[in-house]
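This report refers to the structure that appears directly beneath it.
The values are calculated or read from the model by the stated rules, or taken from the named source; none is laboratory data. Everything numeric in this text was worked out from a predicted model, so none of it was measured. Reconstructed Cβ throughout: ideal geometry from the backbone, glycine too, with neighbour counts over all protein chains shown. The protein model used for the area step is the full one, side chains on, heavy atoms only, and it has no ligands, DNA or RNA in it. Shrake-Rupley method; radii C 1.70, N 1.55, O 1.52, S 1.80 Å.
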Amino acid sequence: MSTEPAPPTGAGRNLGGYVSALIEALGRADPAALARMRQVVGGRRARIRLDDEEVEVRFGAGTLVVEPASGPAAVDGAGGTDRATVLDLMDGNLEVSDAISSGRLDVVADVDAVAAMFAAIEILLDASSRSPELQALAREYREQSAREPSPGPVRDRAGGTARPAERVAARERALLARLDLLPDGAEARRDRL
């Protein structure tokens, strides 16, 4: 398996290390779930961002390949979030669809790739409820998150920073403006009639 270099002893795992460990544990705990995930994901390559770390992942010949993000390389989809959102998803306090609609999980891909990403996350979350090894990784992640300070607001796709609710509000305003559905736009339409 190809992964990022391991962090120094005692420093905890990096994003690539967690992704690799999760998939390895899934394969041991529930090989059928891993097979479903591989089928759903297919040959897609995804960029994953967690706080300030980014990796690219894909299934290769019989294994998961995790590599440092290569910049503008072609990927089939990209997703990004922060530590607090991951913890809420792990705890069952947040559904994937709610994380996206609230702006806490940013996903950029075509419809099929988004569906594949959601399915992969759901497969992992479902198997986690039955796997002591996956639960141990969740505890490790939670403990590491408690020890490390939060990096603050999540970077958006343009590289700026904004709190999730502010990003959603800005995207909603842009969509409403494009559709000419803002109140000022509605008044302008009435004036034209």
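The largest accessible area among MET37, MET117, MET90 belongs to the first residue in MET90, MET117, MET37, and the rest follow in falling order (1.4 Å probe, all chains).
Please give the charge dipole size of region 1-142, origin at the Cα centre, charges +1 on K and R Cβ atoms and -1 on D and E Cβ atoms. Round to the nearest 20 debye.
For this selection, approximately 380 debye.
Remark on PHE59: its backbone amide H falls under 5 Å from those of VAL65, a criterion applied only to residues 5 or more positions apart or on other chains, H modelled at 1.01 Å from N. Summarising the amide proton neighbourhood of GLY12: residues at separation of 5 or more, or on other chains, whose placed amide H is nearer than 5 Å comprise an empty set. Counting heavy atoms of the protein chains alone, SER145 has an accessible area of about 20 Å² for a 1.4 Å probe.
The gain in end-to-end length when the ALA74 to ASP110 segment is fully stretched comes to 11.6 nm, 0.36 nm per residue minus the alpha carbon separation. Among the protein heavy atoms of region 67-128, carbon and sulfur supply 58% of the accessible surface, probe 1.4 Å, non-protein parts ignored.
How many percent of Cα pairs in region 59-109 exceed 12 Å? Tail of the P(r) past 12 Å holds 72 percent of the pairs. Rolling a 1.4 Å probe over the protein heavy atoms leaves GLU53 with an accessible area of roughly 70 Å².
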